[in-house]
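The values are calculated or read from the model by the stated rules, or taken from the named source; none is laboratory data. It should be emphasised that the depicted structure is a prediction, and the values quoted were computed from it without experimental measurement. Using ideal geometry, Cβ is built from the backbone for each residue, glycine included, and neighbour counts are taken over all protein chains shown.
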Amino acid sequence: MNERVGEREGFAAFMLRMRARGVINNALFSAMEATPRGSFVPVEWHAWTWSHRSVPIDCGESIEGCDLQAVVLDALNVGSNHKVLEIGTGSGYTAAVLSRISSKVVSLDRFKRLIEDARVRHDALGIKNVMCRQGNGLDPVEDSPFDRIVAWAAFDEPPRRYAEMLTSGGVLVAPVGPAEDVQMIQRFVKTGSRFERTDIMPVRLQPLAKGIAQAI
């Protein structure tokens, strides 16, 4: 099968799964379709480009399945004037998608190699409003406050430290729960000095690691 045809069919199947979930976000879906996902997936895994399953990438990390990515980004409710912090650059795909629906994206990853590879992919697509940096997401970020924060690694308890990094009414979406068990994707809306929390869906993701990788 022609690879381009396969990607189109994969995207169509993904859209059907999203509609079945009740996720209807035309701006997000247009951004995902316009971002060549196959460019962010290792060649040997191209058959799984639009799969709901995660795919391994360098540094022992993975690119999450497109279904989970869409559900999380839909819950983030990004606007065109929003500044977004992403914790966990990975392949750089979700940062590329966010670049199309927000004004600015700061994306952090503890692996220098992943950051460098993501920059190359973004440059190839002409993306100018994403800044990929090495960092663990636990330390203060100089560009704060942000309108939206999304994390792709799990916290063992609600990450209240990010309240100070969010604007009033800002939204944080992150997995919360024990490292070796089922976690819950939760949506936190900053109201005054507190968070209003909503459960989105159960997941199993890697816990957020402290520090940054020194060798890679």
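Remarks
- Where R161 falls short, out of the listed (1) assigned to a strand (DSSP E or B); (2) loosely packed, with under 15 Cβ neighbours inside 10 Å: (1)
- Remark: R100 falls outside the filter, which requires a residue to be buried (at least 22 other Cβ atoms within 10 Å of the Cβ), touching a residue at least 12 places away in the same chain (Cβ under 8 Å) and closer than 21 Å to D123 by Cβ.
- The set of residues in region 171-182 that are in contact with an Asp or Glu (Cβ under 9 Å, 6 or more places away or on another chain) and either surrounded by 20 or more Cβ atoms within 10 Å (Cβ to Cβ) or part of a strand (DSSP E or B) (or both) comprises V171, V176, G177.
- Scanning region 137-158 for residues that are in a loop (DSSP other than H, G, I, E, B), at negative phi and not aromatic (F, W, Y) yields a total of 12.
- Those helices (runs of 4 or more DSSP H) of region 1-102 in which 2 or more residues are in contact with an Asp or Glu (Cβ under 7 Å, 6 or more places away or on another chain) occupy 3-21, 93-101.
- Check on I115, touching a Leu at 6+ places or on another chain (Cβ under 9 Å), over 27 Å from F195 (Cα atoms), of a type in the set (V, I, T) and outside any loop (DSSP other than H, G, I, E, B): yes
- Once region 118-132 is narrowed to residues that are surrounded by fewer than 16 Cβ atoms within 10 Å (Cβ to Cβ) and not in a loop (DSSP other than H, G, I, E, B), the residue that is nearest to the chain's Cα centre (by Cα) is M131.
- Test result for T89, more than 20 Å from F188 (Cβ to Cβ) and either crowded, with 22+ Cβ neighbours inside 10 Å or in contact with a Phe, Trp or Tyr (Cβ under 6 Å, 6 or more places away or on another chain) (or both): yes
- Any chance K190 is of a type in the set (K, R), part of a loop (DSSP other than H, G, I, E, B) and in contact with a helix residue (DSSP H, G or I) (Cβ under 9 Å, 6 or more places away or on another chain): no
- The condition of being within 21 Å of S54 (Cα to Cα), modelled with pLDDT under 90 and buried (at least 20 other Cβ atoms within 10 Å of the Cβ) holds for only one of L208, L114, that being L208.
- Lone unmet requirement of (1) without any contact (Cβ under 8 Å) to a residue 60 or more places away in the chain; (2) closer than 30 Å to A20 by Cβ; (3) charged (D, E, K, R) for D117: (2)
- The residues listed here are M32, M15; of these, the one that is without any contact (Cβ under 8 Å) to a residue 24 or more places away in the chain, hydrophobic (A, V, I, L, M, F, W, C) and in contact with a helix residue (DSSP H, G or I) (Cβ under 9 Å, 6 or more places away or on another chain) is M15.
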